[in-house]
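Engineer: One structure, pasted below without further comment.
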Amino acid sequence: MSGGEQLLTPALLAQIERLRLPARDLPSARVGGRKTRQLGSSLEFAEYRAYTPGDDLRYIDWRAYARLGKLFLKRYLDERDALLYLLVDTSRSMDFDGKWLQAKRIAAALGYLTLAGGDRAEAWLFAAGVGERTPRLTGKQSAYRLFELFGRTETGEEGSLDWLAGGSVPREPGVVVVISDFLFETGYEEPLRRLQARGHQVVVLQILARVELDPPYAGDSHLIDSESGFARDVSISPHVLKRYRQAVGDYTARLADFCQRRGMAYALIADDEKIEDVLFRRLLSAGVMTR
Amino acid sequence: MSLLSPWMLSFLIVLPLIVIFYLLKRTYQDVTVPSLLLWQQLLRDMEANRPWQKLKRNLLLLLQLLVALLLAVALARPLIPSATPVADHTIAVLDVSASMAARAGETTRLEQNKADLRKLLSQMGPQQELTLISMGQEARVLATGSDHIKIEQALNEAEQEYAKADYEGSLSLAAALSSKDAKSAVRIYSDGNWGIDSTMFPAFGSSPKLILPAGKAANLAVRHAAAVAQGEQTALVATVENVDETARELELEVYDAAGKLLETTALQVTAQGKASHSWTGLPKSPFYKVRVKSDDPLALDDERIVLPEQSGQAKAWIASEGNLFLEKALGLGGGLTLERGADPDAPPTDANLYVYDGVLPTEWPNGSVLLVNPPAGTGIVNVTGTVEAGKLQVVTPDSPILSHVDLSSLHLKEMQAVESNTWLQPLVKSGDTPLLSIGEKNGHRVAVLAFDLHQSDLPLLPAFPLLIKHLNEYLMPVAGGTLGTLEAGMRMPLVPPIRETGWQVLDPAGEKRPIDQAMIEQGFQPAMPGLYRFLGEKGEELLLSVTLPAEESQLSAKSVALPVTGGGEEGVADATLVEEGQTEIWRYLALLILLLVFVEWGVYKRGI
């Protein structure tokens, strides 16, 4: 748990245990401790339905047949567990100010609350392609493997989401949380669409540094892209800064709009926001998790 | 707007240079950003492969360009037309006479005119010339040319004068200069009270502009004052003139030498009139000050120093074998005490006049000398011998000594031929021999009557007592402890004992100067009105009262139409030759540049 202690304090972990992943359509194939809206084999009654030939005879309510002389099917709600995929961006652009730390913390918190809730979790680190990934973890006691992974991983390569479009999409349906700055030259729309098409419930968490949102630069500057090394000369004046802020606003608004239209949860998080605020205020209100 | 140094606009070349510097010498600071993605949209718009896009909205560059532009324009010395027209050659006549010492606001009329002229100078272009003529006791060209600094210096050095001004001379000088230069314009800074008959005005080359002081000014002046001391008491009479168009009530005050107020008298004076008042029984004082209480602009003529005449103080010493005619004539009027002496070579030292009748002294006595019928021989003059009288000829009929003295019926038998001298001026000649001469030698005034009164009918003529009185006045211009009254700027010959060494003169301003050789040779010329004290080594004191010329009391400006030569062409000349005045505005540009530098500093600090 040493990695977890660095990322999240024990007090915070205790608080996180009270949170849960949202109980929406859980497309997991595994029976678990969560009620679903699907009918299944739990003990919770859902409805009666008239028998039609071909129905499973096991669900016929014989007591009702004894009283009424008609065949009814008694249906119960299904209970499944949740499967969380944490897709965390480790490209070099994440290694800026507190972006990477913020991303790790959020990922660790989400992973921990999932495991603590008896659900399963998997962490995938990606840059240009999928790098390291944990096996499917179950139970609170295996959270240390998540923390350990986040603790030792360094950011590095150029990032992209193209590998999702290339077919490396998680197979078993679950909740996919993509934590990244979404500053991909190649775009994000198609990969996110692919995830949704596979039946995943997609959560988009965009992490941006404060200097990206509101740059303090002034004067003639030689701007160097941290990933590609590509550089441009810009004379930064208040006018230019104003236009830049406008451009950032447009970019994030476009992503938010895309997510809203596709039914994905979205949150924009700055690197200098407190983790408590992020978890208990921002993500709760964005519907990424519930109490 | 025109430019004085248009070639300085070549400085504008720095404008593109600054832009080039901005394009070439920009130093970029390396800044690593997570991703250029967000900047892309911006950069596409800003870079767009056009270099001048980099300069877009660069406030610092714009300010620098503006400063450089203003500098170039300022260096080119732009001119804007101003209200006062200035000709190529301005002839400025500056009145420095006493009437210009009148108060005008905080300062005097002269200072006001000087300020006007300074302003005119500042409006003149570098090629435009100015000739500055002072209208004072002498008409003088103070400065001329296009060196404005030199002219301004001469203008600053132009001093107030109190003497009777040579208005005619100054106007003639200006007129002559303006007629010579067709491109000239005359400006006369005066009050127009010149006292010249309009037919005497000189004709100017172009119509002169007379700059008169504003408004009318009332003035009161003590015009005349005299006092006679009789024993321990003094009688004094003073006349006040009202140089104003309304009758005035005034108070006349008399002070003694110690500044003590002796008398105050109220007087009524009619418009442009005079009023007199006399006082008797004033206590004895070396001088009196008569002052009219007034707050008129010219304070100089409000008071006058009066030196009392001491009656019966002058002393004449006569060396003669007896000349009743002469003694009687000298004794007329009672102002002279006569003392008869026997030895012509042993005169007393305390007499004012030494009369030698029929004797020729060998040494100069300590005073003025009247020689009557000098015998042949050498002495203070050389006499060659007796000659026959010839035809009577008056050499200088307008001499004050001969005024109302008719010598046409003079008969005489013979006369002494006095050797002609450079210092002896003959007034009347008989044939070729001087009959009556006057002159000045070593500070001694001398008159020579070269014949024996007994051998002529002169004593019987009515002209005789007059002639003797005039000679008396000439020989003894001062009597007692005073030197009399003099108008400022006039010359007064210094008579003994002032000619001796060690005398000093204390002027009304309190400045003490030693009497030098030049003063003795050319006479003393007091510059300002008031009391002058001549102080001897042994504690002697002689007083001189200096007054302001009467015409300078006239303060109200008088517009004068001055004639112009050429008649019909005059108008044309005015229109074409009088150029617009111009004012340089580089100072304002410099101020703007300074302001911009501050703005630039602010912009730089803000880091745009």
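The values are calculated or read from the model by the stated rules, or taken from the named source; none is laboratory data. Here the structure is a predicted model, which is why all the values come from computation and not from measurement. Quick reminder, even Gly has a Cβ in these numbers, built from the backbone with ideal geometry, and neighbours come from all protein chains shown. To get the accessible areas, we keep the full protein, side chains included, count just its heavy atoms, and leave off ligands, DNA and RNA. Shrake-Rupley method; radii C 1.70, N 1.55, O 1.52, S 1.80 Å.
Engineer: Apply the a/c threshold of 1.5 to the C-alpha gyration tensor of the range B:316-363 and tell me whether it is rounded, prolate or oblate.
Structural biologist: Verdict is oblate for the range B:316-363.
Engineer: Give me the compactness ratio for the range B:101-149, meaning the Cα radius of gyration over 2.2 N^0.38 Å.
Structural biologist: This ratio for the range B:101-149 stands at 1.29.
Engineer: Return the value, in Å² to the nearest 100, of accessible area buried between chains B and A (probe 1.4 Å, both sides summed).
Structural biologist: By this definition, chains B and A bury close to 3000 Å².
Engineer: Using only atoms on other chains, find how many Cβ atoms lie within 10 Å of each Cβ of peptide A:214-222 and report the average.
Structural biologist: Mean shielding by partner chains, rounded to a whole number: 4.
Engineer: May I ask you to derive the FRET efficiency for A:PHE45 and A:GLU172 from their Cβ-Cβ distance with R0 = 30 Å, giving the value to the nearest 0.05?
Structural biologist: 0.60
Engineer: Considering every Cα-Cα pair within the range A:189-291, what fraction, in whole percent, is farther apart than 23 Å?
Structural biologist: Every Cα pair in the range A:189-291 considered, those over 23 Å come to 42 percent.
Engineer: If you don't mind, there's one more thing I want to ask. Can you work out the Karplus-derived ³J(HN,Hα) for every residue in the range B:597-604? Use 6.51 cos²θ - 1.76 cosθ + 1.60 with θ = phi - 60°, whole Hz, and x for glycine or proline.
Structural biologist: Per-residue couplings from phi come out as 4, 5, 4, 4, 4, x, 5, 5 Hz.
Engineer: Check cross-link reach from B:LYS180 to the aspartates and glutamates: straight Cα distance under 19 Å, and skip same-chain residues fewer than eight apart.
Structural biologist: The qualifying aspartates and glutamates are B:ASP88, B:GLU129, B:GLU168, B:GLU569, B:GLU570, B:ASP574, B:GLU579.
Engineer: Expected output is a single nm value to one decimal: the length gained when fully extending between B:HIS404 and B:TYR28, i.e. 0.36 nm times separation in residues minus the C-alpha distance. What is it?
Structural biologist: Here the answer is 124.5 nm.
Engineer: If you build the convex hull over the alpha carbons only and average its shadow over all orientations, what do you get for chain A? Give it in nm² to one decimal.
Structural biologist: 18.1 nm²
Engineer: Along the Cα→Cβ direction, 7 angstrom out, place labels at A:ARG243 and A:ASP272. What is the inter-label distance in nm?
Structural biologist: Label-label distance for A:ARG243 and A:ASP272, simple model: 2.6 nm.
Engineer: Oh, and also: Tell me which of B:TRP423, B:ALA226, A:VAL130 sits at the most positive position along the dipole axis of the protein assembly as shown, charges placed on C-beta atoms (Lys, Arg +1; Asp, Glu -1).
Structural biologist: Projecting each Cα onto the dipole axis, the largest value belongs to A:VAL130.
Engineer: Using only Cα atoms, what Kirkwood radius does the range B:68-121 have, in angstroms?
Structural biologist: Value: 14.1 Å, from the Cα pair sum.
Engineer: Taking θ as phi - 60°, what are the ³J(HN,Hα) couplings along the range A:159-169 by the Karplus curve (6.51, -1.76, 1.60), each to the nearest whole Hz, with x for Gly and Pro?
Structural biologist: x, 6, 10, 4, 4, 5, 5, x, x, 7, 6
Engineer: Ok, one more. Average partner chain C-beta neighbours within 10 Å, per residue of A:176-185?
Structural biologist: Other-chain Cβ atoms within 10 Å of each residue's Cβ, averaged: 2.
Engineer: Work out the length of the dipole vector of the range A:116-204 about its Cα centre, built from +1 on the beta-carbon of each Lys and Arg and -1 on the beta-carbon of each Asp and Glu, and round it to the nearest 20 debye.
Structural biologist: That gives the range A:116-204 a dipole magnitude of about 580 debye.
Engineer: Within the accessible area of chain A, what % is carbon and sulfur when the probe is 1.4 Å and the other protein chains stay in place?
Structural biologist: Of the solvent-accessible surface of chain A, carbon and sulfur hold 49 percent.
Engineer: Follow-up. Taking beta carbons within 10 Å but only from partner chains, what does the mean come to for residues A:231-243?
Structural biologist: Whole-number average of other-chain Cβ neighbours for A:231-243 is 6.
Engineer: Could you run the Debye sum over the Cα atoms of chain B, one equal point scatterer each and no solvent, and tell me log10 of I(q)/I(0) at q = 0.10, 0.11, 0.13 Å⁻¹, two decimals?
Structural biologist: Log10 of I(q)/I(0), two decimals: -1.04, -1.14, -1.30.
Engineer: With all pairs of different alpha carbon atoms counted, what Kirkwood hydrodynamic radius in Å does the range B:384-439 show?
Structural biologist: When all Cα pairs of the range B:384-439 are included, the Kirkwood radius is 11.7 Å.
Engineer: With r defined as the distance between the Cβ atoms of B:HIS454 and B:MET490 and R0 fixed at 25 Å, what FRET efficiency is calculated, to the nearest 0.05?
Structural biologist: E between B:HIS454 and B:MET490, to the nearest 0.05, is 0.05.
Engineer: Sort the following peptides by mean Cβ neighbour count (other Cβ atoms within 10 Å, averaged over residues), highest first: B:440-447, A:127-134.
Structural biologist: The peptides rank, most packed first, as B:440-447, A:127-134.
Engineer: What are the extents of the Cα atoms of the range A:89-158 along their three principal axes, in Å, largest first?
Structural biologist: 35, 22, 15
Engineer: Using a simple charge model, +1 on the beta-carbon of Lys and Arg, -1 on the beta-carbon of Asp and Glu, nothing else, what dipole does the range B:69-171 show about its Cα centre, in debye to the nearest 20?
Structural biologist: 320 debye
Engineer: Related question: Working out 0.36 nm times the residue gap between B:ARG587 and B:SER420, then minus their Cα-Cα distance, what length gain in nm do you get to one decimal?
Structural biologist: 53.0 nm
Engineer: Looking only at chain B, where both bridge partners belong to it, what percent of the DSSP beta bridges are antiparallel (to the nearest 5)?
Structural biologist: Of the beta bridges lying entirely in chain B, close to 65 percent run antiparallel.
Engineer: Also: Dividing the convex hull volume of the Cα atoms of the range B:269-362 by its residue count, what figure in Å³ per residue is obtained?
Structural biologist: Taking only Cα atoms, the range B:269-362 has a hull volume of 192 Å³ per residue.
Engineer: Given Cα pairs under 8 Å that are at least 6 residues apart, what percent is the relative contact order of chain B?
Structural biologist: 16 percent.
Engineer: Considering only DSSP beta bridges with both partners in the protein assembly as shown, what is the antiparallel share in %, to the nearest 5?
Structural biologist: Antiparallel bridges make up about 60 percent of those DSSP assigns within the protein assembly as shown.
Engineer: For the peptides B:449-459, A:105-115, A:215-225, what is the packing order when you average, over each peptide's residues, the other Cβ atoms within 10 Å and list the highest mean first?
Structural biologist: A:105-115, B:449-459, A:215-225
Engineer: What nm distance separates the two modelled labels at A:GLN141 and B:GLU363, each placed 7 Å from Cα along Cα→Cβ?
Structural biologist: Distance between label points: 15.6 nm.
Engineer: Hey, what do the phi angles of the range B:448-465 turn into as Karplus ³J(HN,Hα) couplings, whole Hz, using 6.51/-1.76/1.60 and θ = phi - 60°, x for Gly and Pro?
Structural biologist: 10, 9, 8, 8, 7, 4, 5, 9, 9, 9, 4, x, 8, 7, x, 6, 4, x
Engineer: Next question, about the same structure. On the Cα set of the range A:79-199, report Rg and Dmax in Å, please.
Structural biologist: 13.8, 43
Engineer: Could you point to the residue in B:PRO465, B:LEU407, B:LEU453 farthest towards the positive end of the range B:400-523's charge dipole, with +1 and -1 charges on the Cβ of Lys/Arg and Asp/Glu respectively?
Structural biologist: After comparing all options, I get B:PRO465.
Engineer: Find the eigenvalues of the gyration tensor of the Cα atoms of the range A:60-106, then list the square roots of 5 times those eigenvalues as equivalent ellipsoid semi-axes, largest first, in whole angstrom.
Structural biologist: Equivalent-ellipsoid dimensions as semi-axes: 58, 8, 6 Å.
Engineer: Another question, if that's okay. How big is the range B:339-434 by Rg and Dmax over its Cα atoms, in Å?
Structural biologist: Cα radius of gyration and Dmax of the range B:339-434 are 14.5, 40 Å respectively.
Engineer: Now for a different question. Along the positive direction of the dipole of the protein assembly as shown (beta-carbon charges: Lys, Arg +1; Asp, Glu -1; about the Cα centre), which of A:ALA66, B:PRO529, B:ALA346 reaches farthest?
Structural biologist: A:ALA66
Engineer: While we're here: Set the Förster radius R0 to 45 Å, insert the Cβ-Cβ distance between B:THR270 and B:ILE80 as r into 1/(1 + (r/R0)^6), and round the FRET efficiency to 0.05.
Structural biologist: Plugging the Cβ-Cβ distance into 1/(1 + (r/R0)^6) gives 0.25.
Engineer: Same structure again: Only Lys, Arg, Asp and Glu count, each charged at its Cβ (+1, +1, -1, -1), so figure out the dipole size of the range A:134-291 about its Cα centre, rounded to 20 debye.
Structural biologist: So the magnitude is around 940 debye.
Engineer: Right, another one. Which value in nm describes the separation of the simple spin-label points at A:THR9 and B:ARG140, placed 7 Å from the Cα toward the beta carbon?
Structural biologist: 9.8 nm
Engineer: Using 0.36 nm times the number of residues separating B:GLU111 and B:LEU594, minus their current alpha carbon distance, what extension gain do you get?
Structural biologist: 170.5 nm
Engineer: Related question: Which whole number in µm²/s is D for the protein assembly as shown by Stokes-Einstein, with the Kirkwood Rh taken over Cα pairs at 25 °C and 0.890 mPa s?
Structural biologist: For the chosen part, D equals 61 µm²/s.
Engineer: Give me the base-10 log of I(q)/I(0) for the range B:189-298 at each q in 0.10, 0.18 Å⁻¹, Debye formula, one uniform scatterer per Cα, rounded to two decimals.
Structural biologist: -0.44, -0.91
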